[in-house]
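Have a look at the structure below, then the notes.
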Amino acid sequence: MNANLYALLRDHFLEDAEQPCVLIPGGPVIHYDDLDAASARIAHALSAAGCRAGDRVAVHTEKCWQSLALYLACLRAGLVYLPLNTGYQKSELGYFFADAEPAAIVCQPDAADAVATLRPQAAVLTLDADSGTLLDRAAGQSDAFETISSRPDDLAAIVYTSGTTGRSKGAMLSHRNLASNALTLVEQ
């Protein structure tokens, strides 16, 4: 059985995939099939950028529905999602990049040059709502992606603590951790 969190989420999509999934006030309505296709295209783009199962993908972008598709793409491709607050300064980002060693970093377009100097060995892609190099690379990709088979204890995400008692530490979250939380929320 595939313990990949995306497989669990996909199993809970509404049977009518054309139903709304994300409603953005004053913005587009994203349907389940839109999110599935977008995450597939982004997973292909990340793979084409050299990311392999187990690699970390740092994400330092503003909130938008494409960031949700990026998170799901990471899960599908067996990548470890590493969200970083957009308020972090260059020195903080340098620490996180050195500690987590991401293979790819997705950031705002205006931060790409600075981010590239902090982790030159990472593929640096940009995302800003409806634009960016990540979406450009994803545009020509297939709407289908074979979700990587994951074990329950495979790493799905790393979330850094606030660092109030010292240096921020990366909390490692497995597919099982996140699935347990998701199932608890569905049951309530």
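The values are calculated or read from the model by the stated rules, or taken from the named source; none is laboratory data. The shown structure was predicted, so the numbers you read here are calculated from the model rather than taken from an experiment. Cβ coordinates were reconstructed from backbone atoms using ideal geometry, including for glycine residues, and neighbour counts include every protein chain displayed. Calculation scope for accessible area: heavy atoms of the full protein, side chains included, ligands and nucleic acids excluded. Shrake-Rupley method; radii C 1.70, N 1.55, O 1.52, S 1.80 Å.
Scanning segment 47-87 for residues that are open to solvent by 60 Å² or more (accessible area, probe 1.4 Å), closer than 17 Å to T161 by Cβ and assigned to a loop (DSSP other than H, G, I, E, B) yields one hit, N85. Residue-level check: of (1) farther than 15 Å from A58 by Cβ; (2) buried (at least 18 other Cβ atoms within 10 Å of the Cβ); (3) not β-branched (V, I, T), A123 misses just (1). When S168 is tested against (1) modelled with pLDDT under 95; (2) surrounded by fewer than 12 Cβ atoms within 10 Å (Cβ to Cβ); (3) outside any helix (DSSP H, G or I), just one condition goes unmet, and that condition is (2). On the stretch given as segment 126-156, residues that are open to solvent by 10 Å² or more (accessible area, probe 1.4 Å) and in a helix (DSSP H, G or I) total 5.
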